[in-house]
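The values are calculated or read from the model by the stated rules, or taken from the named source; none is laboratory data. All values reported here derive from a predicted model rather than from experimental measurement. No Cβ is skipped: glycine too gets one built from the backbone with ideal geometry, and neighbour counts run over all protein chains shown.
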Amino acid sequence: MTNKTEILKDISNRKLNITRAFNAPVEKVWRAWTEAEQLDKWWAPRPWRAITKTMDFTEGGHWLYCMAGPNGEKAWCKVSFQTIEPGKNFVADANFCNEEGAIDANFPTMTWDNRFLSTDTGSKVEITLSFANEDDLEKIVQMGFKEGFSMGLENLDELLEA
Amino acid sequence: MRRDIFQAIADPTRRAILALLAIHAMTPNALAEHFNTSRQAVSKHIQILAECEAVTQKQNGREIYYHVNADKMKEVDKWLDTFRKIWEDRFDQLDNVLKDL
């Protein structure tokens, strides 16, 4: 059974809400979201791969990783953990950066608020993605997703058609 | 300068204009009455919306009426579809990771 991904846009509040159920206990889902070894297996949409350089899952700590594309391209990302409530919730700021983790101020900061809930059938994750400024949602669309990741998806389509 | 639908919706006044036009077509003067800013400021926003093709204009007698361009607004949903695909793909991969954990 595949669980449905629900996405609600709240453009006037510069927010996107994503909800997804999992047929696994919340403890496992929490691990998959917070351990580098697990994140590297699923975080990047195929054919991209996530490769962790450093991971310090503590309040004030960072996850530095890159998204490696099928043609050798690399996009470095830094996730800065703000608050952590083990097994339940974490809030983090995500930025594009260089290989050393120096944040690229040309790109907007995206704030993640991830809530992990136990349900009758397993668990549920509720994600709120928010952007600080009016223009940021647009910028992330232009740079982060639209060109970067959808390019990845187009490559995937090509692979599937080949 | 780049003009696209995301620029159209990036500004709160422009979103408010689109929300009003979604109810019914309006003249620039009728639109301006809904805002505390100057008519010039409102017309500037309308001009940007027109350049982004978020609105279209129709002449009715001596008046120009602005309409929402529904097809263009669907581009936002198209982007969301891409965004959804990314997340669905990610979560399907996560399902596999969870099986092995």
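Structural remarks
- Single residue of the range A:11-40 satisfying the filter (closer than 27 Å to A:H62 by Cα and at pLDDT below 85) that is nearest to the other protein chains (Cβ to nearest Cβ): A:L16
- Restricting attention to the range B:1-41, the residues that are without any contact (Cβ under 8 Å) to a residue 12 or more places away in the chain and within 14 Å of another protein chain (Cβ to nearest Cβ) total 6.
- Boolean, B:K72 is exposed (fewer than 14 other Cβ atoms within 10 Å of the Cβ) and either part of a helix (DSSP H, G or I) or without any contact (Cβ under 8 Å) to a residue 60 or more places away in the chain (or both): no
- If you check A:L8, A:L64 for being under 30 Å from B:A16 (Cα atoms) and either crowded, with 19+ Cβ neighbours inside 10 Å or at the interface with chain B (Cβ under 10 Å from one of its Cβ atoms) (or both), only one passes: A:L8.
- Within the range A:13-40, the set of residues being within 16 Å of the chain's Cα centre (by Cα) and acidic (D, E) comprises A:E35, A:E37, A:D40.
- Looking across the range B:29-70 at every residue that is under 13 Å from B:R14 (Cα atoms) and of a type in the set (V, I, T), the one that is modelled with the lowest pLDDT is identified as B:T37.
Every residue, every condition in (1) of a type in the set (F, W, Y); (2) surrounded by 15 or more Cβ atoms within 10 Å (Cβ to Cβ); (3) within 21 Å of B:D92 (Cβ to Cβ), yes or no:
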site: A:I18; (1), (2), (3): no, yes, yes
site: A:E27; (1), (2), (3): no, no, yes
site: A:D56; (1), (2), (3): no, no, no
site: A:G69; (1), (2), (3): no, yes, yes
site: A:T83; (1), (2), (3): no, no, no
site: A:K88; (1), (2), (3): no, no, no
site: A:C97; (1), (2), (3): no, yes, no
site: A:M110; (1), (2), (3): no, yes, no
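- Among the residues making up the range B:81-92, those that are surrounded by fewer than 18 Cβ atoms within 10 Å (Cβ to Cβ) and either over 29 Å from the mean Cα position of the chain (by Cα) or at pLDDT below 80 (or both) are B:D81, B:T82, B:D92.
- The residues of the range A:95-114 that are part of a loop (DSSP other than H, G, I, E, B) and in contact with a Gly (Cβ under 8 Å, 6 or more places away or on another chain) amount to a single one, A:F107.
- Pair list, Cβ < 6 Å and 6+ apart or interchain, from the range B:88-101 residues that are facing chain A (nearest Cβ under 7 Å) and over 10 Å from A:L39 (Cα atoms) to residues that are charged (D, E, K, R) and not in a helix (DSSP H, G or I): B:F91/A:R20
- A:T2 falls short on exactly one of the conditions (1) out of contact with any Phe, Trp or Tyr (no Cβ under 7 Å at 6 or more places or on another chain); (2) more than 10 Å from chain B (Cβ to nearest Cβ); (3) among the hydroxyl-bearing types (S, T, Y), and that condition is (2).
- Exclusive hit being more than 14 Å from chain B (Cβ to nearest Cβ), buried (at least 19 other Cβ atoms within 10 Å of the Cβ) and aromatic (F, W, Y), set A:W48, A:W43, A:W76: A:W76
- So A:G101, is it among the small types (G, A, S) and either in contact (Cβ under 8 Å) with a residue 24 or more places away in the chain or within 14 Å of chain B (Cβ to nearest Cβ) (or both): yes
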